[in-house]
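Heads up: the structure comes next, in structure tokens.
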Amino acid sequence: MTNDRNISELQGKKVLIVFGSLELGGAERQGLQFGRYLKESQGCHVEVWGFNSPGRSTEICKEAGIAWKIVPLPFSGNLLQGWWRYIEFVQHLRRLKPDVLLPYTTVPNLCCALARRWSGAKLCIWNQRDEGLERMKPSRERKAIRRASYFIANATIGAEYLKNQHGVSNDRIRVIRNGIELPGITRDRSIWRNKLGLQGNDFLVCMLANFTPFKDHQTLIKAWPYVVRKLKEQGRSAKLILAGHESTTFRAMQDLTLTMGVEDSVIFPGPVRDVHQLLQSADLVAFSSVLEGCPNGVLEGMAAGLPVVATDIPGIREAVGDAGIQYLVPPRDEQKLAEVITLFALDPVLRNAVGHENRKRIAEHFSVQRMQNEMTELINRLLSSWCSKSISVSIIF
């Protein structure tokens, strides 16, 4: 399908992107990236909504000239409050009159699908970003699944969840992997290393993930004393940076570093604005998790040309590919995690070789252009189908 055809279908369409949070996580990065593309390259009118207070996502919206808004969270509070907030949400939709609803993650998916028929939107495309982390009231889930126009999953495990748990047919699901920008490779690794007082041969590991129950920072922190001890035997220092929004598990993880005696070597910088700059200073990305779709925290490390040591779960396997699976470890196995991190710490040749292959995999399978083209083609096709059906109905009546 040519780009001219895409533009003719999407030109002037009003696209609403809805997030559960306007803090900046992996789903928000992907949605904002695609929203900016729709606005700048496809001539769409794009707006972003969220269910909480403003965060880093709103700053990116302002930079891109995209309108944003905080709206009531449907079904929150007691029964009466929940339904009133749902009605308010529908009223906001009816005033906007979007052509396409693009929700990301479970709660926005459900709320937008339920409200679609009242909003006047032609399409509601459900974006499945995990393997079923959050579940809602079963009756609402069933109704929302029926009302969604189509389903996108960013990993095979997400598509399997939709089929097995919700009975969504294959012809209503498509896997479209995340799109990751390839940053330029620079030899200047000094910015973060200087902040931390690291010497050239010292070892810097980072994990990019918000502090939620689904991210397993705990196992990584428990693994860290082994890494510190092994490097100290070689006269080297090691630092672990846990970068992410300080959410529900943050305080517990800070306390755990004290318990494990590694509080001086584990850094909590909060959300990092320039992720590429941090990764340029790092030697390795670690990613310990419980459930995932296709995590940006892994993909961004690969794009930076770094080796990745992570939990062996389906979404991460799909991210790293066959060559990277050997460096994944069983869930909650702190000893194995520590040993594989130390393997890379002691072997710079291996670090460089695996990092090179990781970057190559991102370029071949997770490019931004591929993601944008696949998403645009799909929306274009669904809009064409909707228009054809509308014309048929008009002729009948």
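The values are calculated or read from the model by the stated rules, or taken from the named source; none is laboratory data. Please read all numbers here as calculations on a predicted model, not as lab measurements. Because the Cβ atoms are built from the backbone with ideal geometry, glycine has one as well, and the counts that use them run over all protein chains shown. When the accessible area is computed, the model is the full protein with side chains, heavy atoms only, and any ligands, DNA or RNA have been set aside. Shrake-Rupley method; radii C 1.70, N 1.55, O 1.52, S 1.80 Å.
Some points to look at:
- For Arg370 and Glu339, the FRET efficiency from 1/(1 + (r/R0)^6), where r spans their Cβ atoms and R0 equals 41 Å, is about 0.70.
- Ligands, DNA and RNA excluded, the heavy atoms of Thr186 present near 60 Å² of accessible surface to a 1.4 Å solvent probe.
- Here the dipole of the stretch 277-397 is about 440 debye; that uses its Cα centre as origin and unit charges on the Cβ of Lys and Arg (positive) and Asp and Glu (negative).
- Rounded accessible area of Met260 (nearest 10 Å², 1.4 Å probe): 60
- Alpha-carbon centroids, the stretch 85-102 and the stretch 203-276: separation in whole Å: 41
- Calculated FRET value between Arg332 and Ser41, using beta carbons and R₀ = 45 Å, to 0.05: 0.55
- When only alpha carbons of the stretch 1-155 are considered, Rg and Dmax amount to 14.9, 50 Å.
- Segment Arg117-Leu133, extension gain: residue separation times 0.36 nm, minus the distance between their alpha carbons: 3.1 nm
- Heavy-atom surface of the chain, accessible at 1.4 Å and reported per residue (Å²): 44
- Distance-filtered residues of the stretch 14-41 - backbone nitrogen under 16 Å, label point 7 angstrom along Lys97 Cα→Cβ: 14-16
- Using the Cα coordinates of the stretch 209-341, the gyration tensor eigenvalues translate into equivalent-ellipsoid semi-axes of 20, 17, 16 Å, sorted from longest to shortest.
- Farthest toward positive dipole pole in the chain [+1 Lys/Arg, -1 Asp/Glu at C-beta], among Val227, Gly301, Ala121: Ala121
- Note on Ile191/Glu160: beta-carbon distance plugged into 1/(1 + (r/R0)^6) with R0 of 41 Å gives a FRET efficiency of 0.50.
- Chain lengthening between Asp312 and Glu357 when straightened (0.36 nm per residue, less Cα-Cα): 14.3 nm
- Percent accessible area from carbon and sulfur atoms, the chain, protein chains only, probe 1.4 Å: 50
- In this view, the solvent-accessible surface of Trp83, computed with a 1.4 Å probe and all protein chains in place, comes to about 120 Å².
- Pair Asp264, Asp347: separation of 7 Å Cα→Cβ label points (nm): 3.1
- Set Lys62/Lys97; Lys69/Lys143; Lys97/Lys122; Lys230/Lys336; Lys143/Lys163; Lys222/Lys336 screened for pairs whose C-alpha atoms are more than 19 Å apart: Lys62/Lys97; Lys69/Lys143
- Inter-label distance for Lys62 and Ser247, nm, one decimal - labels placed 7 Å from Cα along Cα-to-Cβ: 2.3
- Reducing the stretch 125-163 and the stretch 339-376 to their Cα centroids gives an inter-centroid distance of 28 Å.
- When His276, His356 are compared by accessible area at a 1.4 angstrom probe, the order from most to least is His356, His276.
- Dipole in debye (nearest 20) - the stretch 231-348, about Cα centre, beta carbon charges: Lys, Arg +1; Asp, Glu -1: 140
- Positive-pole candidate from Thr249, Asn78, Ser288, dipole of the chain, charges at beta carbon: Asn78
- Cα-based helix-to-principal-axis angle, 217-232 vs the chain, degrees rounded to 10: 30
- Shape parameters for the chain, alpha-carbon atoms, Rg then Dmax in Å: 22.1, 82
- Highest-fluctuation residue, Asn164, Asn78, Asn380 considered, GNM on the chain with Cα pairs under 10 Å: Asn78
- Rel. contact order, % - alpha carbon contacts under 8 angstrom, at least six apart, the stretch 52-101: 24
- Note on surface exposure: Val175, Val168 rank Val175, Val168 by accessible area, highest first, 1.4 Å probe.
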